[in-house]
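Everything below concerns the one structure shown next.
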Amino acid sequence: MANNYFRFKQFTIQQDKAAMKVTTDSCLFGAWMAKKMTEHTGTPSRLLDIGTGTGLLSLMIAQQNRHCTIDAVEIDRNAYEQAIENVMSSPWKENIQVFHADIKSIEPGKKYDVIISNPPFYENELKAENENKNFAHHNSGLAFSDLFEIIKRQLSPEGHFYLLLPYKRNEEIRKLVFEHRFELSQIVLVRQSVNHSYFRIMLCGKLSSEEREKTVIDEMAIRDSNYNYTPAFISLLRDYYLYL
């Protein structure tokens, strides 16, 4: 059974109400995004977190990007309440506003410099008996095509989006990127260990431009052959994990 909380160096994620708990790949994604955002020219001022869950990604980004203002949207009532709890007990409660809403119903008047999402993974697969976990895992509420439409609608012309997605949907996702006229700045293929095949992809993209930049493709393993964290993982998570 997962713990009811996950303690980081500067904040704690309570997760007893939320169906989706803190995972190693989501922590990796949050740390990678936060680092990428600090590398972009200028400081992003407006960020949209689609399906924030416990608020984990928003809090990881807020820790490293103190001038960023974040709108975190969550459709599930229990997860929304959990995100509120975690944000309000963090040092960055003034930077993050959590909304209980269906992202598809929000009026597209506001543009964001950064849009992030760790969306449901298991569309069209066998569903669990637990309805909350079922909705959180499955893509019945927000298909990938819907997600890309929302990003296109709400991303500022010079903005970037970041997604954590299942590697087995790689070809479908790249097709959707092309169809929605995005370009990918970076793709990171993620392994659970150096002995495993890829299981996640982390994407950084933006709206297509006349001078398309070359996509940088990297790979990363969370653990080495001895099942210790790799140097690349430690470098990204050192500011977050208690015992790194």
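Would you please list the contacts, defined by Cβ atoms under 6 Å and residues six or more apart or on different chains, that run from a residue in region 80-95 that is more than 9 Å from G55 (Cβ to Cβ) and modelled with pLDDT of 95 or more to a residue that is hydroxyl-bearing (S, T, Y) and not in a helix (DSSP H, G or I)?
N95/T69
Filter region 215-237 for residues that are small (G, A, S) and either within 27 Å of H160 (Cβ to Cβ) or at pLDDT below 95 (or both); which is surrounded by the fewest Cβ atoms within 10 Å (Cβ to Cβ)?
The first filter runs over region 215-237 and keeps only residues small (G, A, S), leaving 221, 225, 232, 235.
Restricting the remaining residues to those that are either within 27 Å of H160 (Cβ to Cβ) or at pLDDT below 95 (or both) gives 221, 232, 235.
On the way: A221: 19, A232: 17, S235: 13.
That would be S235.
Let's see how each residue does on (1) modelled with pLDDT of 95 or more; (2) basic (K, R); (3) in contact with a strand residue (DSSP E or B) (Cβ under 7 Å, 6 or more places away or on another chain); (4) assigned to a loop (DSSP other than H, G, I, E, B):
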{"position": "F29", "(1), (2), (3), (4)": "yes, no, yes, no"}
{"position": "L48", "(1), (2), (3), (4)": "yes, no, yes, no"}
{"position": "Q63", "(1), (2), (3), (4)": "yes, no, no, no"}
{"position": "R66", "(1), (2), (3), (4)": "no, yes, no, yes"}
{"position": "D71", "(1), (2), (3), (4)": "yes, no, yes, no"}
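Tell me, which residue of region 178-205 that is surrounded by fewer than 17 Cβ atoms within 10 Å (Cβ to Cβ) and among the hydrophobic types (A, V, I, L, M, F, W, C) is modelled with the lowest pLDDT?
Per the stated criteria, the residue is F178.
Restricting attention to region 73-116, which residues are assigned to a strand (DSSP E or B), crowded, with 21+ Cβ neighbours inside 10 Å and aromatic (F, W, Y)?
The answer is Y112, and nothing else.
Filter region 96-124 for residues that are over 26 Å from K35 (Cβ atoms) and among the hydroxyl-bearing types (S, T, Y); which is modelled with the highest pLDDT?
Only one residue fits best here, namely S105.
Look at L189 and say whether it is of a type in the set (A, V, I, L, M, F, W, C) and either part of a strand (DSSP E or B) or in contact with a strand residue (DSSP E or B) (Cβ under 7 Å, 6 or more places away or on another chain) (or both). Break it down into steps so the answer makes sense when it comes.
Working: of a type in the set (A, V, I, L, M, F, W, C): yes; either part of a strand (DSSP E or B) or in contact with a strand residue (DSSP E or B) (Cβ under 7 Å, 6 or more places away or on another chain) (or both): yes.
Yes, satisfied.
For I70, work out the one condition from (1) surrounded by fewer than 22 Cβ atoms within 10 Å (Cβ to Cβ); (2) under 14 Å from S90 (Cβ atoms) it doesn't fulfil.
Result: I70 passes all but (1).
Check region 38-45 and report whether any residue there is at positive phi and modelled with pLDDT under 95. Please lay out each step first, then the result.
If we filter region 38-45 for residues that are at positive phi, which is where we start, we get 42.
Adding the requirement that they be modelled with pLDDT under 95 leaves 42.
Within region 38-45 (the criterion being at positive phi and modelled with pLDDT under 95), the answer is yes, since at least one residue qualifies.
The values are calculated or read from the model by the stated rules, or taken from the named source; none is laboratory data. Predicted model only: the values in this text are computed from it and were never measured. All Cβ positions, glycine included, derive from the backbone under ideal geometry; neighbour counts span all protein chains shown.
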